[in-house]
């Protein structure tokens, strides 16, 4: 006798059975039963399958059988089928084509309950084609006599519109009429749909604002109030005049509604919309302790969220609530700690930066924070690099912090970390000497710095190579012995490390003055070129080796000049050399070919291209015409758009500027003088024009 | 818009799962397992809100069952969803008369029906217990 669904559940609950074995038996039974033609057995099988789905068994293979069960006339069978369908029909599966007719029959049918449960399932599985087919039937249902049907259809519309947006324009007005329906459930459903639509396109739903305003003033349902508040935030974005009208009901809700959830919602709305209004902000500040001081941890959480919004409006609030934030960071609750972290990100000033980073790094090492380690480190890096290092006052300290973070070995942050390190060393000249020494210290334990891409390691090697001119002889020797250690090859780092290593050796050689260093460098490069597995690294080592052994050392002094950062617009000040100013022809073959009978066939017909070739005007004309005809016949040629080709505005400006500079080179000096002096103690090279004064 | 509503017990067995965005069976199983583990590691003194990947999760424990709601939106009023969970449990309680986990297990289809009367498409559209229950009694008659 086949088991019923209840039997399956009871079987699973028995203590001593082997669950997997039991489930497998049931599963194979289902596979047999579901093929039967008797609907009762079939339904039973589908019901059992539904329970198995909760255990992780896939239902999709039974889609066709589920459809058969759905189409039954008996209500219980239909319900089981529909439920199974809503769980397992995939959005783009073929079964949906077959189901469309079924749903259409249900929607126009007389039986309310059947229609209801069909709508339930439909909302889970409807796709674009089905929406198109069923839209009209749904619109008819909007005027059904039973409120339950109207209610459900109003919600269904959102899904239909998502799948078939063209239907939106036709039907939306009919939907909006439901805002004035007598049944509150229908109104709630319509408000929900309109809210979701307003998030996509607020101006489209704007005409309903009047009706929505009336509902806001009359309804007592808190969920509706919350949805309406959110809705109005969206509408105000496109119609700022609404702001004045809604300030009255918002204030009323803020002061009178007892529910905390509504209070929270309206406070958030006021922070977004009315951030200039002092009265409103005052009321909010009165309400805030009600959240932050509460014993209920949920209210504490919400208080922190409100605080976040308030501080974004006015940073002065940060001072008063500093204690809350630090306490929250120590809280036992992970969610509250994450919130506190967000707050720390926006309240740290340059004075409090050192203290804050110190606290954050202590938090990283605590085992309770293992889950949020990455967020903590991201926050540190965010604060350090915020607004081009605006908050940092002591760059040497900052570099030490960065090296500390390198030791935490979080792979996600390595790329950001190495780019910040390089950026800061490049821009801040005074830092370079300290950075080199600190990098050297860290690199002495280079085995521990191994990670997948070794970006941090590469960055450190680059720093000691590039700025090795700041080393004294002793440190230079240290650096050299470090890069020539045989352990590098054995540890099998990423390719970029070996490339950086070769460059580093090369640069150190240029700096060095003693012969023994020269020999050591040469030897190291020779080894690298053989022992390292990566082809690119070997090639680089050989290249550097050849340069070192064959070139004159004085000529290589250009390497001593350090990299400098330049402003992106500096490129505009460089004008191309004369040779590039004119369009020159790289290869005569591109311009024309000489055919077998001696005539010349041209590929281009721009005036400039004919410059060097002696031709009469008549010949040029003929050549141009030939080319044009050939292009028109070529199926792969994309014909240019008709109408004049506009010369780009930018290129015109650039040309004028170039002309100006050519005539009067002093312009650059004037422009440099106009710039205000850099206020920081360290000279941060943000925009050094390339043309020196 | 709600992404999913789950009822999972302390052993990690899912009693009811309603997803409003399509997810494959394996994704669902992973999600449910991870969420219940996170909920189990939290105490009564901590807030009922979590963050899990891109989801904001609101949960509440009733006896042996965790009721979990997940959303993907940005501005979520967490407290209102907590109130909704309570509303849902009260409705189930009224219908099943002192509902317990077993009631939901053995009457999964009815539990789904109650839920479908309150939430559709990820939006809460009915919170009035009387209206919801009258629908369900009509359903029982039709059976």
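The values are calculated or read from the model by the stated rules, or taken from the named source; none is laboratory data. None of the values given here were measured: they were computed from a predicted structure. Don't worry about glycine lacking a Cβ; one is built from the backbone with ideal geometry, like all the others, and counts go over all protein chains shown.
Below, the figures for the structure above:
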read-out: Any pair with Cβ under 6 angstrom, 6 or more apart, that starts in segment A:393-404 at a residue that is over 16 Å from residue A:463 (Cβ atoms) and ends at one that is buried (at least 20 other Cβ atoms within 10 Å of the Cβ) and modelled with pLDDT under 90; value: none
read-out: Qualifying residue in segment A:406-413 (condition: at negative phi, surrounded by 16 or more Cβ atoms within 10 Å (Cβ to Cβ), touching a strand residue (DSSP E or B) at 6+ places or on another chain (Cβ under 6 Å) and not assigned by the TED database to the domain that holds residue A:478); value: no
read-out: Listing of strands (runs of 3 or more DSSP E) fully contained in segment B:31-72 that carry 3 or more residues being closer than 22 Å to residue B:100 by Cα, modelled with pLDDT of 90 or more and under 16 Å from the mean Cα position of the chain (by Cα); value: B:55-62, B:65-71
read-out: Failed criterion for residue A:304 (all others in (1) within 12 Å of chain B (Cβ to nearest Cβ); (2) surrounded by fewer than 15 Cβ atoms within 10 Å (Cβ to Cβ) hold); value: (2)
read-out: Unique match (being over 20 Å from residue A:92 (Cα atoms) and surrounded by 19 or more Cβ atoms within 10 Å (Cβ to Cβ)) among A:205, A:139, A:126; value: A:205
read-out: Test: residue A:110 is without any contact (Cβ under 8 Å) to a residue 12 or more places away in the chain and over 23 Å from residue B:114 (Cβ atoms); value: yes
read-out: Conditions (1) crowded, with 22+ Cβ neighbours inside 10 Å; (2) away from chain B (no Cβ under 14 Å): number failed by residue A:197; value: (2)
read-out: Selected residue (criterion: nearest to residue A:86 (Cα to Cα)) from residues of segment B:112-129 that are more than 12 Å from the chain's Cα centre (by Cα) and more than 8 Å from chain A (Cβ to nearest Cβ); value: B:117
read-out: Filter pass, residue A:243 being farther than 19 Å from residue B:128 by Cα and touching a helix residue (DSSP H, G or I) at 6+ places or on another chain (Cβ under 8 Å); value: yes
read-out: Test: residue A:178 is within 18 Å of residue A:123 (Cβ to Cβ) and at the interface with another protein chain (Cβ under 10 Å from one of its Cβ atoms); value: no
read-out: Number of the condition not met by residue B:101 [criteria: (1) more than 8 Å from chain A (Cβ to nearest Cβ); (2) buried (at least 17 other Cβ atoms within 10 Å of the Cβ)]; value: (2)
read-out: Answer from A:284, A:311, A:315, A:323 - the residue that is surrounded by fewer than 14 Cβ atoms within 10 Å (Cβ to Cβ), away from every other protein chain (no Cβ under 13 Å), under 26 Å from residue A:345 (Cβ atoms) and touching a residue at least 24 places away in the same chain (Cβ under 8 Å); value: A:315
read-out: Boolean, residue A:349 is within 26 Å of residue A:305 (Cβ to Cβ) and not in a helix (DSSP H, G or I); value: yes
read-out: Total residues in segment B:55-86, condition at the interface with chain A (Cβ under 10 Å from one of its Cβ atoms), over 16 Å from residue A:298 (Cβ atoms) and touching a residue at least 12 places away in the same chain (Cβ under 8 Å); value: 1
read-out: Conditions (1) touching a helix residue (DSSP H, G or I) at 6+ places or on another chain (Cβ under 8 Å); (2) within 13 Å of chain A (Cβ to nearest Cβ); (3) without any contact (Cβ under 8 Å) to a residue 60 or more places away in the chain; number of the one not met by residue B:10; value: (2)
read-out: Selection status of residue A:98, surrounded by fewer than 17 Cβ atoms within 10 Å (Cβ to Cβ), without any contact (Cβ under 8 Å) to a residue 40 or more places away in the chain, within 40 Å of the chain's Cα centre (by Cα) and not in a loop (DSSP other than H, G, I, E, B); value: yes
read-out: Any hit, segment A:315-323, residues being modelled with pLDDT of 85 or more and assigned to a helix (DSSP H, G or I); value: no
read-out: Those helices (runs of 4 or more DSSP H) lying entirely in segment A:4-73 with at least 2 residues touching a residue at least 12 places away in the same chain (Cβ under 8 Å), closer than 30 Å to residue A:104 by Cα and under 47 Å from the mean Cα position of the chain (by Cα); value: A:39-54, A:63-70
read-out: Single unsatisfied condition, residue A:588 versus (1) under 44 Å from the mean Cα position of the chain (by Cα); (2) surrounded by 10 or more Cβ atoms within 10 Å (Cβ to Cβ); (3) more than 29 Å from residue A:432 (Cα to Cα); (4) at pLDDT below 75; value: (1)
read-out: Selected residue (only one of A:27, A:57 is within 12 Å of another protein chain (Cβ to nearest Cβ) and within 25 Å of residue B:28 (Cβ to Cβ)); value: A:57
read-out: Set A:356, A:335: member being in a helix (DSSP H, G or I), surrounded by 12 or more Cβ atoms within 10 Å (Cβ to Cβ), in contact with a strand residue (DSSP E or B) (Cβ under 6 Å, 6 or more places away or on another chain) and free of Cβ contacts under 8 Å to residues at least 40 places away in the same chain; value: A:335
read-out: Residue within segment A:233-254 that is out of contact with any strand residue (DSSP E or B) (no Cβ under 7 Å at 6 or more places or on another chain), closer than 20 Å to residue A:123 by Cβ and either surrounded by fewer than 22 Cβ atoms within 10 Å (Cβ to Cβ) or at pLDDT 85 or above (or both) present; value: no
read-out: First in segment A:209-230 and within 14 Å of another protein chain (Cβ to nearest Cβ), second anywhere and surrounded by fewer than 18 Cβ atoms within 10 Å (Cβ to Cβ) and not in a helix (DSSP H, G or I), Cβ under 6 Å, 6 or more apart; value: A:222/A:259
read-out: Pair list, Cβ under 9 Å, 6 or more apart: segment A:365-383 residue under 18 Å from residue A:354 (Cα atoms), other residue loosely packed, with under 13 Cβ neighbours inside 10 Å; value: A:377/A:412; A:378/A:412
read-out: Options A:487, A:478; residue that is surrounded by fewer than 16 Cβ atoms within 10 Å (Cβ to Cβ), modelled with pLDDT of 75 or more and in the same structural domain as residue A:545 (by the TED database); value: A:487
